[in-house]
Amino acid sequence: MVKPSYLKMVTDSDAADLISTDLRELGNAAKKLATHAVQLVASGFPAAFLQWLASFAAIYLLILDRTNWKTNILTSLLIPYIFFSLPGVIFFFLRGEFGKWVAAIAVVLRLFFPRRFPDWLELPGALILLIVVAPGLFASTMRNDAIGEAICLIISCYLLQEHIRASGGFRNSFTKANGISNTIGIILLFVFPVWALLVRVL
């Protein structure tokens, strides 16, 4: 004789519990996927590309300041920004023998031939000198740490608000003939520190 089989009736509350459990697991899986994707992306091409982009934006702003961007903005802050954001290949090349020779020549020219040392070379010379003589704590530890990235972010915020103030407002900083290129350059300064700090948080 065949025993009768009984099916358990699934109530509305059981179905709701199953769906909520599935959705919770799906949410956790999506969060892990997003975190791993950001970490994977950050460790590769985008992080390096943004670092190069931010460094060249800072150098571009430094060149503009020496040519036609004559404002009261403290553009010497671009020197520590470049120091902390310069890609490792260029940084350690300048920290080697080549950088020492350039720094020595710059110091000799500045000391003994001050009239032949142009004003526009003072900040680049200071950058080379800083790279060469910086202690290992700054050159190795802080450059690759959240402290250096936070310093870059603070410098970017300061330069942006000073540029907007010097332009006469937010709208003028985007509409004046020379304001657009300066504003874009300053905004590009944000990409590296924001991305690097975001990756550290995630």
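The criterion of at least 2 residues that are of a type in the set (S, T, N, Q) and at pLDDT 85 or above is met by the following helices (runs of 4 or more DSSP H) wholly inside the range 105-178: 146-167. For first residues located in the range 46-59 and closer than 18 Å to residue 76 by Cβ, partners that are of a type in the set (S, T, N, Q) and lie 6+ apart or on another chain with Cβ distances below 6 Å form the pairs 54/85; 55/85. On the stretch given as the range 39-83, residues that are assigned to a loop (DSSP other than H, G, I, E, B) and either open to solvent by less than 60 Å² (accessible area, probe 1.4 Å) or at pLDDT 85 or above (or both) total 4. Residue count for the range 185-202, restricted to those that are assigned to a helix (DSSP H, G or I) and either within 15 Å of residue 62 (Cβ to Cβ) or aromatic (Phe, Trp, Tyr) (or both): 5.
The values are calculated or read from the model by the stated rules, or taken from the named source; none is laboratory data. What you see is a predicted model; the values in this text were computed from it and never measured. All Cβ positions, glycine included, derive from the backbone under ideal geometry; neighbour counts span all protein chains shown. Note: areas computed on protein heavy atoms with side chains; ligands, DNA, RNA excluded. Shrake-Rupley method; radii C 1.70, N 1.55, O 1.52, S 1.80 Å.
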